[in-house]
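Comments concern the structure below.
The values are calculated or read from the model by the stated rules, or taken from the named source; none is laboratory data. Not measured: the values here are computed from a predicted model. Positions of Cβ are backbone-derived with ideal geometry, glycine not excepted, and every protein chain shown enters the neighbour counts.
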């Protein structure tokens, strides 16, 4: 009989950390499929917190925040007829997966736009704050903002930000560190900017909203560098992030030149519902019905072609709920946002791991509705995000072994990621050194006319974007001793990324223990849903 030792979340019977005292089956994501693996005795399995209950009335919660803001007057008191107002909203990169309708941005926009109309404000533009991400399609925008806003504002007053449009970008100056501050001209010329964002992780929101969402390439390159990434001990703890410090400096210059009213919405982690609700549970608590759901889903996915599997996952919305809304001045509103986010996502863990296991999912912030999670994005999910899902100190010891499960297929979406294809096939065979890539090739890709055209008028990520994704994994590359991939369908991709391969998880753990010792502590991060570790 299998037994486990568990630590429980306060006020809940759901275990957060499970120690397997016998071989225990655990579900891991494997791209667009699942793996069911027996873990060695003594493996520590770290589960997300259970979802915080959503607010009973999201509309009332948002209205209350607008009328009782932090550090600013209520929104309605700022509005006058004849004003020029720009509303900026986060793009499709959050939340992941896409949330059920109505999207929280639709609810917020309906409230704000109604308030503007009631006060005679007619000069209103709504800008999707894409930064250097791809343009959202009309269908994606309509789903996000809802029919009412779409019908009233599309296309002349509702559109994607264009960071490469020289006629609609403006320089506001430089920070005390010499970082260029460049932003959207329409926003800069407005009497008021209202930024409505989504906080799914503590890295989002705050000064990042305007400073990054509406910036241009020359402004973004100030902090999206290998050095900034390496100097950021934790992306999830802004006080320890050099990247966040640079963004804050740029954001403060923006707010010295623009009046910004922030609306920050915090979602819970209710990622799965319906047929996939078993993924929200600890496997020790599975009922027979849960196991039937899992085996049925895995059997069906095993039989499907890749494109169909991917389509099913991408079209299955998450059941996220609003758990808090704060508004007003950037710093006090965002402080409350961070506090609420940490309550939902942080899990206390005792001690670091020698070997860390993580399944890599089908989705990242940069491949929503794309045809694949390409190798560069697999790399950024492993070394950029999952390795960095901590607040105090890293869950994985320096020099430790990270084991991931993913096919690592050589698949790219040529519409969304054309510059990625050249980066992977031309540059990585020459050098994987992030500092060399930055110096020799980043500007070449950024100012490539073809990539600029595809970014501005197609649906491609900016030419420099694959560089940023490679830099995002730089701290992981420098801190992790070895990365081992389980279940890769080829050896070329892992070799190009500097990783080793194993056919099974058992083999990968044995390889890890040959490096870290037979008594190495093995931990598994069970996500999604998202979790952030607090390691003591």
TODO: Looking only at the stretch 238-258, count how many residues are touching a strand residue (DSSP E or B) at 6+ places or on another chain (Cβ under 8 Å) and either closer than 25 Å to residue 476 by Cα or not assigned by TED's automatic domain parsing to the domain that holds residue 86 (or both).
DONE: 0
- [ ] Report whether or not residue 373 is assigned by TED's automatic domain parsing to the domain that holds residue 406 and not in a loop (DSSP other than H, G, I, E, B).
- [x] no
Task: All helices (runs of 4 or more DSSP H) inside the stretch 424-536 with 3 or more residues being out of contact with any helix residue (DSSP H, G or I) (no Cβ under 8 Å at 6 or more places or on another chain) - done: 434-446, 449-457, 492-497, 505-516
Open item on the list: residue 121 - would you say it is in the same structural domain as residue 200 (by TED's automatic domain parsing), buried (at least 19 other Cβ atoms within 10 Å of the Cβ), modelled with pLDDT of 95 or more and part of a loop (DSSP other than H, G, I, E, B)?
Closed with: yes
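Kindly evaluate residue 270 against the criterion of being more than 23 Å from residue 104 (Cα to Cα), surrounded by 16 or more Cβ atoms within 10 Å (Cβ to Cβ), under 21 Å from the mean Cα position of the chain (by Cα) and in contact (Cβ under 8 Å) with a residue 60 or more places away in the chain.
Here the answer is no, as residue 270 does not meet what is asked.
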Open item on the list: Looking at the stretch 148-164 only, could you name the residues that are more than 26 Å from the chain's Cα centre (by Cα) and either surrounded by fewer than 18 Cβ atoms within 10 Å (Cβ to Cβ) or assigned to a loop (DSSP other than H, G, I, E, B) (or both)?
Closed with: 148, 151, 152, 154, 155, 156, 157
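The rows are residues; the columns are (1) closer than 30 Å to residue 223 by Cα; (2) surrounded by 20 or more Cβ atoms within 10 Å (Cβ to Cβ); (3) at pLDDT 95 or above.
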position: 470; (1), (2), (3): yes, yes, yes
position: 476; (1), (2), (3): yes, yes, yes
position: 479; (1), (2), (3): yes, no, yes
position: 494; (1), (2), (3): yes, yes, yes
position: 506; (1), (2), (3): no, no, yes
position: 512; (1), (2), (3): no, yes, yes
position: 518; (1), (2), (3): no, no, yes
position: 533; (1), (2), (3): yes, yes, yes
Task: So residue 209, is it farther than 12 Å from residue 255 by Cα, touching a residue at least 24 places away in the same chain (Cβ under 8 Å) and touching a strand residue (DSSP E or B) at 6+ places or on another chain (Cβ under 7 Å) - done: no
- [ ] Quick one: residue 137 ticks every box in (1) surrounded by fewer than 18 Cβ atoms within 10 Å (Cβ to Cβ); (2) over 21 Å from the mean Cα position of the chain (by Cα) except a single one, so which number is it?
- [x] (2)
- [ ] Report yes if residue 206 is on the phi > 0 side of the Ramachandran plot and either at pLDDT 95 or above or not assigned by TED's automatic domain parsing to the domain that holds residue 93 (or both), otherwise no.
- [x] yes
- [ ] Could you check residue 357 against (1) surrounded by fewer than 19 Cβ atoms within 10 Å (Cβ to Cβ); (2) under 22 Å from the mean Cα position of the chain (by Cα) and say which number it fails?
- [x] (1)
TODO: Could you pull out the residue among 283, 256, 321 that is closer than 30 Å to residue 207 by Cα and buried (at least 18 other Cβ atoms within 10 Å of the Cβ)?
DONE: 321
Open item on the list: With the requirement that a residue be assigned to a loop (DSSP other than H, G, I, E, B) and surrounded by fewer than 20 Cβ atoms within 10 Å (Cβ to Cβ), what does the stretch 226-235 give you?
Closed with: 231, 233
- [ ] Go through 20, 38 for me and flag whichever is buried (at least 21 other Cβ atoms within 10 Å of the Cβ), assigned by TED's automatic domain parsing to the domain that holds residue 306, at negative phi and over 20 Å from the mean Cα position of the chain (by Cα).
- [x] 20
Open item on the list: On the basis of being farther than 21 Å from residue 209 by Cβ, at pLDDT 95 or above and within 26 Å of the chain's Cα centre (by Cα), does residue 105 make the cut?
Closed with: no
TODO: Could you pull out the residue among 351, 359 that is out of contact with any helix residue (DSSP H, G or I) (no Cβ under 6 Å at 6 or more places or on another chain), assigned to a strand (DSSP E or B) and not assigned by TED's automatic domain parsing to the domain that holds residue 236?
DONE: 359
Open item on the list: Of the conditions (1) part of a helix (DSSP H, G or I); (2) touching a residue at least 24 places away in the same chain (Cβ under 8 Å); (3) touching a strand residue (DSSP E or B) at 6+ places or on another chain (Cβ under 9 Å), residue 307 satisfies every one except a single condition; which number is it?
Closed with: (3)
- [ ] Those residues that are farther than 22 Å from residue 531 by Cβ and exposed (fewer than 14 other Cβ atoms within 10 Å of the Cβ), I need them from the stretch 46-58; list them, please.
- [x] 56, 57
Open item on the list: Let me confirm something: among 177, 223, which residue is surrounded by fewer than 17 Cβ atoms within 10 Å (Cβ to Cβ), outside the structural domain of residue 468 (by TED's automatic domain parsing), in contact with a helix residue (DSSP H, G or I) (Cβ under 9 Å, 6 or more places away or on another chain) and in a loop (DSSP other than H, G, I, E, B)?
Closed with: 177
Open item on the list: From the list 167, 73, exactly one residue is touching a helix residue (DSSP H, G or I) at 6+ places or on another chain (Cβ under 9 Å) and not in a strand (DSSP E or B). Which is it?
Closed with: 167
Open item on the list: Test of understanding: among 403, 323, which residue is in the same structural domain as residue 419 (by TED's automatic domain parsing), in contact with a strand residue (DSSP E or B) (Cβ under 9 Å, 6 or more places away or on another chain), in contact (Cβ under 8 Å) with a residue 40 or more places away in the chain and farther than 23 Å from residue 241 by Cβ?
Closed with: 403
- [ ] Determine whether residue 52 is more than 30 Å from residue 159 (Cα to Cα), assigned to a loop (DSSP other than H, G, I, E, B) and touching a residue at least 24 places away in the same chain (Cβ under 8 Å).
- [x] yes
